[in-house]
Structure formats: structure tokens, C-alpha cells
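The values are calculated or read from the model by the stated rules, or taken from the named source; none is laboratory data. Computed from a prediction, not measured in an experiment: that's the story for all the values here. Ideal geometry is used to build each Cβ from the backbone, glycine not excepted, and the neighbour counts take in all protein chains shown. Only protein heavy atoms, including side chains, enter the accessible area calculation; ligands, DNA and RNA are left aside. Shrake-Rupley method; radii C 1.70, N 1.55, O 1.52, S 1.80 Å.
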Amino acid sequence: MGWIDKEENVDLSRLCTIKIGGKAKSVYLPETVDDIKNLISESREREKPFVPLGTGSNIVFSDGVLDYIFVSTKKLKKYRLEEKDGYIYIHAQAGVSFKTIVSLVKKYNLEGFEYLSGIPATIGGAVVMNAGAFGSQISDIIRQVEWIDGEGRLHQLKREEIDFGYRKSPFQGGGFVYSAVIRLKKSRKDIPQIIKSHLEERNKKQPLDKPTSGSTFKNPPEKPAGYLLEKAGLKGYRIGNVAFSEKHANFMVNLGGGRFKELKELIELAERRVGELYQIKLEKEIKVVE
Ligand SMILES: Cc1cc2nc3c(=O)[nH]c(=O)nc-3n(C[C@H](O)[C@H](O)[C@H](O)COP(=O)(O)OP(=O)(O)OC[C@H]3O[C@@H](n4cnc5c(N)ncnc54)[C@H](O)[C@@H]3O)c2cc1C
């Protein structure tokens, strides 16, 4: 493998928003498609899991030392804007944050992204998760995705070729989302004001004052996961230093010094209780790396 910048012995709690986890033996910081292809073949040859990392806002790590191929997108933050056919296209590498997109959207008063503002994602993580809020999701504005598959082949996929679903994309099966193109348009509405009210709405509903990993479970078709957890008596329920938030039952929070073991027990308890009470099998939204 050629030279790729890497950090060693990294605290995994620094790589996820719930701030729980042991150590990563190495975290690679690729800068090019070839770097990523090399890391994919490294993971295949050495039979080690290949784990891309965005903001870590929907991922949790176990304790102990994980000797995996962790791939940070910190050095993949380039973007450019293109104006064509009355639209503004943002071409962004995987590591570009939603914060950056929101600042562009506000600066040029662009429409189409306002409902996604406040999600603490990177472009890569959001495409993989098909992140969304208030009835919109990133797949509504995606035009193209560059994806390197699990065998190291680069694909340029048009929106029509990608089978997105609710918090679901074909990219969850492996490989690496390298970049995406989103399409927005200049608006006559006051976009910064709309964003401001969305952020206030989020602040009211989500425990943004504590380390959290966002929604733990997907909403089953029957009822929202938060409602089911609350009915099952789990809103505010705590095991050690990890709890389902008092503010939003589907958000786990780290109350300080939380451990993976506590988090895992909490998830298992929720699955069991909701299963027994409602015969509903909760499906995890968060990605557990252990
Ligand atoms: C406070 C808070 C609020 C949230 N609100 C929302 C919300 O309103 N709506 C919503 O949908 N989600 C929400 N989330 C969850 C989370 O922000 C989204 O799922 C987001 O898309 C994850 O992006 P990320 O960059 O943090 O990805 P990560 O959490 O780092 O990774 C998520 C998964 O994607 C993989 N991945 C990351 N980057 C790549 C890449 N480039 N290529 C391939 N795989 C990759 C990871 O390996 C992992 O499996 C919230 C989370 C928090 C903490």
C-alpha cells in the first residue's frame, strides 16, 4: 500500500458524537480515490473490517482496542458550485459537513436544503444513511453519487440508478461514498429565517446539550420509535451512565463516563420490551461497530 496519512491509537470516543468507545489502532486519512482503493484492498487482504467515518453522529463503538481499517473523511472536504439550467449544483466530497452546506445555502439563499439543516452529518454519512427530517431526505436533492464498491471499483451513479429508502441506501452494504452532487435553486423565500425556525424546533425536541448518537431505532410503520419507547417506560431510563433522553425517548445520551456495555444493554432492553408489549421488532438506525 502506498503512503497514506494515518493517526495511531486514537480514542474512538473522539470519533462519535455520543463520546463512547475504546481505541482505534489506526485511523487512515485518505486524500484520493486511489488511496481509498488501496485501503479497500488492504482490508480485504488482511481480512479486517473497512469502516468509513463521517461526523460519527449515527455510529457507536465498543470498548477495547479495534484493529480495523478506519477511514476518516477529514481530508475530503473539497466542494464547488456550478450554475446550470436555473439550478445551483454543489459538488461535494464525502467529508464536507452539513454546516458548510448550510452556510452556502444561507449565503446564496438556496432552496431545498432547509429541512436538513441542523443534522450533524457529512455528505458521505448522509448519503449512506439517506438522512432526513420533516418529511424530506437528502435523496430528494441528490443528482449523482461517486461510490467505490467493496472491490475497489469506482462508479458514477445518477439519482435514478440509486435505490434509496427510509434511512436506507445501497451504500450501507459496504464500499465508500467519495462524493455527491446536490441540486438546489435560488429562492424568493427568506431561507436563513426558515433555517433558524427549524433549528429552534430541533432544539426544543432533541437533547442537544448532551453527547448523543441521534435516533437509536428507525420508526416502524406502526408508530414512531420514540412513542413506543416512551410507552414502554423507557423515556429517561438509565443504565449506568447511558440513558434514553428525557427530552426524546429515541435518543440515547451519555450522562458522563458512559460505557458501551451500558449502551448495548439499553438497546437490548428496548428491543425486548417493545417486542413483548407490541410485537414490534425495532430495527436499529445507529451503526454499531464492535
Ligand atoms: C443531535 C443529532 C441529531 C440528528 N438528527 C437527525 C435527523 O434529523 N435526521 C437524520 O436522518 N439523522 C439524524 N441524526 C443522525 C445522523 O446525523 C445522520 O444519520 C447522519 O447522516 C450521519 O452522518 P455522519 O457523517 O455523522 O455519519 P457517521 O455517523 O460517521 O456514519 C454513519 C454510517 O455511515 C458510514 N459512512 C460514513 N461516511 C461514509 C462514506 N463516505 N462512505 C461510506 N460509508 C460511510 C459509517 O461507516 C456508518 O456506518 C442525528 C444525530 C444527532 C447526534
I'd like the distance between the alpha-carbon centres of the range 35-68 and the range 115-172, rounded to an integer number of Å.
19
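Return one whole number: the accessible area per residue of the range 207-289 in Å², for a 1.4 Å probe.
The answer is 50 Å² per residue.
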In the range 126-170, which GluC sites (Glu not before Pro) fall in coil by DSSP and have 11 or fewer other Cβ atoms within 10 Å?
E151
Any idea of S117's accessible area? Nearest 10 Å², probe 1.4 Å.
0
I need the trypsin sites (Lys or Arg not before Pro) found in the range 89-170, filtered to DSSP loop residues with at most 11 other beta carbons within 10 Å of theirs.
R153
Need one number: the % of Cα-Cα pairs in the chain sitting beyond the 23 Å mark.
57
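Per-residue ellipticity at 222 nm for the chain, helices alone: DSSP H runs ≥ 4 residues times -39500 (n - 2.57), over residue total, nearest 500 deg cm²/dmol?
-7500 deg cm²/dmol
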Across the range 173-290, what fraction of all alpha-carbon pairs, as a whole percent, falls in each successive 5 Å bin from zero upward?
2, 10, 18, 18, 15, 13, 11, 8, 4, 1, 0
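Counting other Cβ atoms within 10 Å, keep those with at most 13, restrict to DSSP loop, and tell me which GluC sites (Glu not before Pro) in the range 193-225 are left.
Those that pass, being in a loop and sparsely packed, are E222.
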Rank these residues by their accessible area, most exposed first, probe 1.4 Å: W3, W147.
W3, W147
accessible surface per residue for the range 79-192, probe 1.4 Å, DNA/RNA/ligands not counted, whole Å² -> 47
Evaluate the relative contact order of the chain (contact order divided by residue number), counting alpha-carbon pairs under 8 angstrom at least 6 apart; express in whole percent.
18
For the range 1-66, what is the accessible area per residue in Å², given a 1.4 Å probe and the full set of protein chains?
48
As straight-line cross-link partners of K281, the qualifying lysines (C-alpha separation under 19 Å, not fewer than 8 residues apart within one chain) are K168, K218, K223, K231, K235, K264
At 1.4 Å probe size, with the rest of the protein present, what percent of the exposed accessible area of the range 148-290 is carbon and sulfur atoms?
47
Express in Å², to the nearest 10, the accessible area of T17 obtained by rolling a 1.4 Å probe over the protein heavy atoms while all chains stay in place.
40
